[in-house]
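Here the structure comes first, spelled out in structure tokens, and everything after it is commentary.
Taken together, the values in this text are just the output of simple stated rules run on the coordinates, not laboratory data. Note that the structure is a prediction, hence the values are computed from the model and not measured. Don't worry about glycine lacking a Cβ; one is built from the backbone with ideal geometry, like all the others, and counts go over all protein chains shown.
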């Protein structure tokens, strides 16, 4: 085995979030040579899920990759790196991802809240890893950069919200027309 | 509009997925509201999220629909909603490869990246660099330089990381930003530091001097970021490896000092780097091992895992260094994380004494069914190593392996077990019969064709030489009745070997062959008919040539030669000798006792090295008509490390010629070399026919030049020669930054080290699986024998290795291994001499004061025998 991997910032090979049936909610692959097709990716995720969901063991080695993971209620978070990768670096990424989401979702790290704030989740992942490079590892920084307001979406609220925006816009229009009239 | 919250989902509770029933067409339909004025940020945000979600699920978007959605999305830049804008950036990145004309957003992104809103600037840079190609990069270069040194950390980090991504695409442009990256490296922000260091290294990694300087600077100034420290440790250990620097080097001191860093991540990285260093002594390992020992009792599973995995690696090379940790490892045997437990046990198996083996094996068999295949392979590898260490334990191991073989498991796992059993059989003659019996049982119910054929091959090789060969016949013939074509064919070949070697079995084998001739598959029928006819001749030489020792040519080479032959029909029959020989003997690959499963990414079938050379050389018009490539040597370095130019030579041998391929690298970034060639002065009657210069040699882009040499025809025994080599070229100075060369240059030359051609360059290794049969086949027509005294050699092992490397021939029948405590040994070597003459060497060695060696050489050509004996003497 080549003990020395080429020194590189490309640490993370893949990150994914699965639900408690092993379905993909979000996943990003950063190494184009690793599972180029969707089918391979989903097979890999299923395999990882089957091997890890029963015991909360934090770390495993599957399909030639080191995988660190964490679960919360009905969610499973995974970060995968090469066999030579520093396991603690991968752990740092996983912890940052989990802590950031936990703060953003006000500790409700469960499937429904996550899906209701999916845009925020995409943004958080984007702030932590960029193309396989660890961009940020401090959850506080991530939250500040994303600057996302959480919402508890129910149908009523959204339609209410829509109504409100409409009214607001109408008002602006009225105001500005008044403004013009004055001039 | 928000159809996703239909009644059913609402009822099924909070676990349901609001995105579950999304339809791409419906979402794209909804995306039309992007065009409405005024923009409703909330609704648009929701639709963008749905689009990204769909892309993430692997939904396929056609170019037209993607482009349409993308263009609609560009309108959303008019809104000032922060999250919406950020989602636009994400959409741009996701769609960069599916939509057309993504560069349309360039100006919007450039505006955001240079604007006042800091929250937009970083993400905008990253999105912009994602859609920028080489031609566009010039246009944004100015902004990128500014962004790299920006005082806002997120902006600087984004610019650095994006630059790193673009190094692959346009190295030359990004290289010009090195000063800015340098400035960013002294930033206070830990992530900026890390990213700047990474970029600087990628830009300078071909320039060892610059990397060394950079490391010195940062080790002195000290960095804050633990990530940056890890990166520095990796760079330092790579430098140490390349320069083969001793452990008194400041680089090693730096790595060792990191063992006292306050971050566990850095400490672990340093320990792991020390452990992986080649030629590390036990004393240097000790501090690394003791920090790993501490980690073994950490409450964090990842840390325990990392520690025990690294200790496992140490135990491969220095088991004694790990003995101190045995107690900590014992505690991990019952770890709830089975990966950790497995690693702990396999480490203990390597470090522990023979007496603890049974206990550990019992422990591991209690949970072997719970662990993943990857770790089962680790267990098998540990057992394989153990069998070599304690040969007496083979019965316990064999038993354990056969139990594992019966359990469920994937192909990789089964293959590891089979390889392990085969290597035990080969190492340890006592275990042969039990091992073969287990393998026989396994193929009775084996779904993997590859393994079944491998085992049948093994049975054919080893079975006939056991005391009762007849008992294997039943297992083999069962395969002919029950299995797929490939396995049936392999079984027929195995049967033939029994018939050829055991006269009393021959009649029954012939009867079975007769039945196989009625098989439904033509390959099986062909093989049976062929073997039937060979066996009926009852001639030893035929058996040796066609049953025991198969073809030794390279398969792609054979394919190419046959194709060539069919293109140019001629009266002459096809000559097997025109086919290049296979370089690596295929059959005797030993099971690698590699550290745990290295990367198991899909193995690409790489063509053999020699086939690549054959192609490359055939493409050069000057080298037409030399015949097939006979042998390519390993590269020989002709310069010292760290010189201005690095040159290595590969010697290609043909029937009557040799081509010397010089791979040159220019390590000076202010020079362009042109018309590079290597002048050669031979010491013997070798004649240099032709030089093929390399047209140009740019900085750090290797190129090759060639020399064609004719071998002396009148004196076939002149096999060795020394060439003095000089590299001649035209130098043009150039600007290190742009690579623009001056208009005129001057001629210069550079003296290289001498190049030796030895007898080994004329001989290709060929494996004869049955040496005795091959020996009889060649006959004693040209046999010669001589006795030598090797005064300088002290042990049999050393003598064997010297002879093998000197003659460059293939040891057969595992005769390269000298059993311990023996005073005499017989070494069998096989090869083919240039021109296609088989050569076999039998060397009897006896150890007295020095080593006395009696060499017997047989060949199909008398000259070859003389050459070998002359060169040994």
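A few points about this structure:
- Rounded if a/c under 1.5, otherwise prolate or oblate - segment B:20-70, Cα gyration tensor axes: oblate
- Extended-chain gain in nm, criterion 0.36 nm per residue less alpha-carbon gap, residue B:675 and residue B:787: 35.3 nm
- Working from label points 7 Å from Cα in the Cα-to-Cβ sense, the residue A:47 to residue B:466 distance is 3.4 nm.
- Efficiency of FRET between residue B:366 and residue B:33 - r from beta-carbon atoms, R0 56 angstrom, step 0.05: 0.35
- Protection proxy ranking for B:345-356, B:280-291, using the average of other Cβ atoms within 10 Å per residue and placing the highest first: B:345-356, B:280-291.
- Approximate spin-label separation residue B:574-residue B:399, in nm, with each point projected 7 Å along Cα-to-Cβ: 5.3
- Looking at the protein assembly as shown, the pairs of alpha carbons with a distance over 60 Å make up 21% of the total.
- Only helical runs count toward this figure. For chain B, summing -39,500 (n - 2.57) over DSSP H runs of n ≥ 4 and dividing by all residues gives -16000 deg cm²/dmol at 222 nm.
- Extension gain for the segment residue B:317 to residue B:82, taken as residue separation times 0.36 nm less the Cα-Cα distance, is 79.0 nm to one decimal.
- Sorted by Cβ neighbour density within 10 Å, fewest at the top, the residues B:762, B:825: B:825, B:762
- Exposure proxy order (Cβ contacts within 10 Å, fewest to most) of B:454, B:279: B:279, B:454
- Relative to the longest principal axis of the Cα atoms of chain B, the long axis of helix B:522-537 lies at roughly 20 degrees.
- Peptide ranges B:643-653, B:53-63 listed from the most packed, as the mean C-beta count within 10 angstrom indicates: B:643-653, B:53-63
- Counts of other chain beta carbons within 10 angstrom of each beta carbon in peptide A:26-35 average 2.
- Counted residue by residue at 0.36 nm each, then reduced by the alpha carbon distance between them, the extension gain from residue B:243 to residue B:139 reaches 33.4 nm.
- Out of every Cα-Cα pair that chain B contains, those further apart than 43 angstrom amount to 53 percent.
- Dividing the Cα radius of gyration of segment B:773-873 by 2.2 N^0.38 Å, with N the residue count, gives 1.03.
- Packing, as the average of other Cβ atoms within 10 Å across residues, places the peptides B:508-517, B:806-815, B:361-370 in the order B:806-815, B:508-517, B:361-370, highest first.
- Peptide A:84-93 has a mean shielding of 6, counted as Cβ atoms of other protein chains within 10 Å of each residue's Cβ.
- FRET efficiency, 1/(1 + (r/R0)^6) with R0 22 Å, evaluated for residue B:207 and residue B:636 via beta carbons: 0.35
- Distance (nanometres) between label positions extended 7 Å along Cα→Cβ at residue B:281 and residue B:168: 4.3
- Relative exposure of B:166, A:91, judged by other C-beta atoms within 10 Å (fewest first): B:166, A:91
- Relative to the longest principal axis of the Cα atoms of chain B, the long axis of helix B:470-482 makes an angle of roughly 50 degrees.
- Using alpha-carbon coordinates, inclination of helix B:609-618 to the longest axis of chain B, degrees: 80
- Shape category assigned to segment B:168-273 from the gyration tensor of Cα positions, a/c cut at 1.5: oblate
- Share, in percent, of DSSP beta bridges within segment B:632-704 that are antiparallel, nearest 5: 95
- For chain B, share of DSSP beta bridges that run antiparallel, in % to the nearest 5: 100
- For a label point 7 Å along the Cα-to-beta-carbon line of residue B:389, residues of segment B:349-363 with backbone N under 14 Å: B:349-361
- FRET efficiency for the pair residue B:700 and residue B:510, taken as 1/(1 + (r/R0)^6) with r the Cβ-Cβ distance and R0 = 45 Å, rounds to 0.10.
- Shape of segment A:44-102, Cα gyration tensor, a/c cut at 1.5: oblate
- Shielding of peptide B:82-89 by partners, expressed as the average count of other chain Cβ atoms within 10 Å per residue Cβ, is 4.
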